[in-house]
Amino acid sequence: MHPQALVDTRWLAMPAEWAPHRGTILTWPHRPAIWRGVHAAVEQTFAQLAAALSAVETVHINVPDATWRDHATLQIRKAKGDIHQITFHLIDSDDVWARDHGPIFVTARPGAPDNVAKLVMLDWEFNAWGGKFASGLDNQIPHKMNAYFQVPRVQPGLVMEGGSLEVNGAGDLLTTEAVLLNDNRNPQFSRPQIERKLEEYLGIERLHWLGAGLLGDDTDGHIDDIARFCQEDLVVCVLPEKDHPDYKALHENYERLQTMTVAGNRPLRVRTLPSPAPISFQDEHLPASYANFYIANSLLLVPTFAQETDAQALGILQELFADRRVVGIDGRALVTQYGNIHCVTQQIPSV
C-alpha cells in the first residue's frame, strides 16, 4: 500500500505475535568486540534462527554492507537455511536487538474503511534502554527499512522498545513499571500520558502493569523475560524456586497476574514456567529466561541453557502451543549480552 494511505489510529491495532506473519526481522551481529569472546557462537545462533525461520516465513536481515551480507549468507547456508527466503537490507547498526530498535507494525482492524492503511510502521525513539550504549545507528533502522516496505510510517514521539510490550491482539497489553515508568525513557510524560499513547497507537483497551524484571537485565526489566500471552486470556509467566535470586520479584508479578481480567471481564489464566539455575559470565549474573521465546508461523523457538529445566520448559510450551513445532535453540551465547531469541526477532504481520 502506498505510504499516503490514510493513517487513522482509531482503526489500527498491534496483532498478537501468534497471528500470521509476513516475515521476521533480524539484525546480524557484526561487531565482535561487543560479544567478549563468544561472537562466533552468537553468529552460529543467528544462522540457526534464520535457517529455522526460513522454513516458515521470509526473514529480513539487516547487515552493514555487502561483505557482511555474503558472510551471513554462508553461515545460513551452513545451517541449511533457505536462502531464497532471506532478504538482506544494507543498513548499519550498533547492536543486534531488533525487537527493540526495529519497527513495530500495526494493522487495520476488521471493518476499517477501504482508504485506511492496512499495515503501518511505528517508528518509536530508541535510546538504548536509557543510554546504555551509543544507539544513533539503531534508532534510524525503521526509517531506512521502510525504503523496502513502503508503508505509512508514524512516529509516536515516545521512547519505547518492543521487548517492553506484550499484547494479546484483543485489546490487552502487559508491561512493567520498571521500564515504562523509568526516568531514563520518557521523564516528560506521566503514567496516564504514557498509557494514552499506547492506547492510541497500539489499539489497547486494557493496560496491565507488572513490577520489576530479572536481575542482570540491562533493559531495566522487559516483560518478554517475565510473562507472555499464549492465548487471549492465558499467559505463561516465569516462577522460579524460592532459593532463586529472582524469586521475590517474579512471585510478586505472579500475584499481580492472578488479579487481572481481559476482554469480557474474563479472569486471566496463568501458567508458570521454571527458571534455569542462575547463570553467570565473567562474574556477571545473566537474565536467563525460557519466556524469551519467539512465536513464528507454525513454529515456536525457545532459548535453552543446557540444564535439566530445559525439557520441562519445552514440554510446557509445547502443550500451550500445540499447533506449532517447538524447537529449542541454545541461548547461552546470546544471554552473555543480557538478551535472547525474542530480543533479536521482530515480526511483520500479514495483512
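Each value in this text was obtained by applying a stated rule to the coordinates, not by laboratory testing. These numbers were taken from a predicted model, which means no experiment stands behind them. Using ideal geometry, Cβ is built from the backbone for each residue, glycine included, and neighbour counts are taken over all protein chains shown.
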Identify which of Gln140, Gln85, Gln282 has the largest mean-square fluctuation in a Gaussian network model of the chain, with springs joining Cα atoms closer than 10 Å. Gln282
If amide hydrogens are placed 1.01 Å from N in the peptide plane, which non-local residues have theirs closer than 5 Å to the one on Ile104? Leu122, Trp124
Between region 110-182 and region 32-80, how far is it from one alpha carbon centroid to the other, in angstrom? 24
Quick one: the Cα spread of region 1-62 along its three principal axes, in angstroms, biggest first? 48, 26, 21
Under-5 Å amide H pairs with Arg271, H placed in peptide plane, nonlocal only: Val235, Val236, Cys237
Treating only the Cβ atoms of Lys and Arg (+1) and Asp and Glu (-1) as charged, compute the dipole magnitude of region 9-349 about its Cα centre; round to the nearest 20 debye. 780
If you build a Gaussian network model of the chain, linking Cα atoms that sit under 10 Å apart, which residue out of Met121, Met260, Met160 swings the most? Met260
Spelling it out for Thr58: with amide H atoms placed in the peptide plane at 1.01 Å from N, the residues 5 or more places away or on another chain with amide H under 5 Å from its amide H are Thr24
What trypsin sites (Lys or Arg not before Pro) in region 233-334 are in a loop by DSSP, with at most 11 other Cβ atoms within 10 Å of the Cβ? Lys242
Across region 250-258, in residue order, what do the Karplus-derived ³J(HN,Hα) couplings come to in whole Hz, using 6.51 cos²θ - 1.76 cosθ + 1.60 with θ = phi - 60° and x for Gly and Pro? 6, 5, 4, 5, 4, 5, 5, 4, 5
Stretchable slack from Asp65 to Ile34, in nm (0.36 nm times residue separation minus alpha-carbon distance): 9.3 nm
Assign one of three labels to region 9-349, namely rounded, prolate or oblate, based on the Cα gyration tensor with a ≥ b ≥ c the square roots of its eigenvalues; rounded applies when a/c is under 1.5, prolate when it is not and a/b is larger than b/c, and oblate otherwise. rounded
In what order do Arg185, Arg22 fall by count of nearby beta-carbon atoms within 10 Å, going from fewest to most? Arg22, Arg185
When a footprinting reagent is the concern and you count Cβ atoms within 10 Å, what order do Ile91, Ile226 take, fewest first? Ile91, Ile226
Could you calculate the contour length gain from Ala41 to Lys80, that is, 0.36 nm times the residue separation minus the distance between their Cα atoms, to one decimal place in nm? 12.4 nm
I'd like the antiparallel share, as a percent to the nearest 5, of DSSP beta bridges with both residues in region 228-298. 60
What aspartates and glutamates could a cross-link reach from Lys132, if we take a straight Cα to Cα line under 14 Å and drop same-chain neighbours fewer than 8 places away? Asp94, Asp95, Asp100, Glu161, Asp183, Asp217, Asp218, Asp220
Give me the distance in nm between label points sitting 7 Å out from Cα along the Cα-to-Cβ direction at Ala311 and Val270, one decimal. 2.9
Distance in nm between pseudo-label sites at Asp8 and Gln140 (7 Å out along the Cβ direction from Cα): 3.5
Nearby aspartates and glutamates by direct alpha-carbon distance to Lys242 (threshold 16 angstrom, same-chain neighbours under 8 apart not counted): Glu252, Glu255
Looking at Tyr290, Asn115, Val59, which one has the Cα that reaches farthest to the positive end of the dipole of the chain (charges on Cβ: Lys, Arg +1; Asp, Glu -1)? Asn115
Calc'd 3J(HN,Hα), region 267-281, phi into Karplus 6.51 cos²θ - 1.76 cosθ + 1.60 (θ = phi - 60°), Hz, glycine/Pro = x, comes to x, 6, 7, 10, 10, 10, 10, x, 10, x, 4, x, 10, 10, 8
When Asp114, Asp310, Asp65 are arranged by how many other beta-carbons sit within 10 Å of their Cβ, fewest first, they go Asp114, Asp65, Asp310
Identify which of His251, His60, His101 has the largest mean-square fluctuation in a Gaussian network model of the chain, with springs joining Cα atoms closer than 10 Å. His251
Please report the antiparallel percentage of DSSP beta bridges with both residues in region 42-158, rounded to the nearest 5. 35
Per-residue HN-Hα couplings for region 332-347 [Karplus 6.51, -1.76, 1.60; θ = phi - 60°; Hz; x = Gly/Pro]: 5, 6, 4, 6, 5, 10, 6, x, 7, 4, 5, 5, 9, 10, 8, 7
Please state the relative contact order of the chain as a whole percent: Cα pairs under 8 Å, 6+ residues apart? 21
In region 9-349, what percentage of the DSSP-assigned beta bridges are antiparallel, given to the nearest 5? 45
